[in-house]
Amino acid sequence: MEWRQQTSVSSADAFNEAKRWIEEVTGKSFGCSDFRAALENGVLLCDLINQLKPGIIKRVNRLSTPIAGLDNVNVFLKACEKLGLNESQLFHPGDLQDISTRVTLRRDEGNRRLKNVLITIYWLGRKAHLDTLYNGPQLNFKAFEGLLGLALSKVFFLFFSLSI
């Protein structure tokens with residue numbers, strides 16, 4: 001299988017698994033088939049992290065404005081940091097903005113940005129998995145293998161084999 005084709009298949013698995021996990025943890029539907037659009041306002045992300053660590057986000061802005069959405073995304077990212085994710089594991093708030101109408105955009109830029117979001121979801125799922133107080137739905141990490149790459153899998157194998 002060609003590398004680009006393999007990457008898109010791997011990304012599709014990760015998108016589907018991230019969507020499934022978010023919906024199961026929050027008990028809420030994405031409401032649309034567009035992954036980016038469903039998360040753009042940050043409400044589902046805030047609901048997700050509040051299910052993982054109740055009360056970590058005190059207030060979710062439910063107004064349907066771009067500023068409210070950006071505020072929610074920023075609050076979500078700060079909550080991820082409180083849980084121990086570091087900056088390299090977090091997407092940029094602009095990664096969820098709709099950039100489809102930008103003329104000067106590189107063709108693969110939208111996919112790159114969404115992959116950043118998936119990587120954050122992956123690391124958040126890892127944190128939930130390691131939290132002894134969390135007993136909700138688990139993220140299937142295997143769905144992210146192609147997205148994260150073989151090198152990362154080797155690091156995890158080494159880390160977990162040393163900790164056992």
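Each value in this text was obtained by applying a stated rule to the coordinates, not by laboratory testing. What you see is a predicted model, and the numbers here were worked out from it, not measured in a lab. FYI the Cβ positions are ideal-geometry reconstructions off the backbone, even for glycines, and counts take in every protein chain you see.
With the crude spin-label approximation of a point 7 Å out along Cα→Cβ, what separation in nm comes out for Arg62 versus Thr132?
3.6
So if I take the centroid of the Cα atoms in the range 120-149 and the same for the range 21-56, what is the distance between those two points in Å?
Taking the Cα centre of the range 21-56 as reference, the centre of the range 120-149 is 15 Å away.
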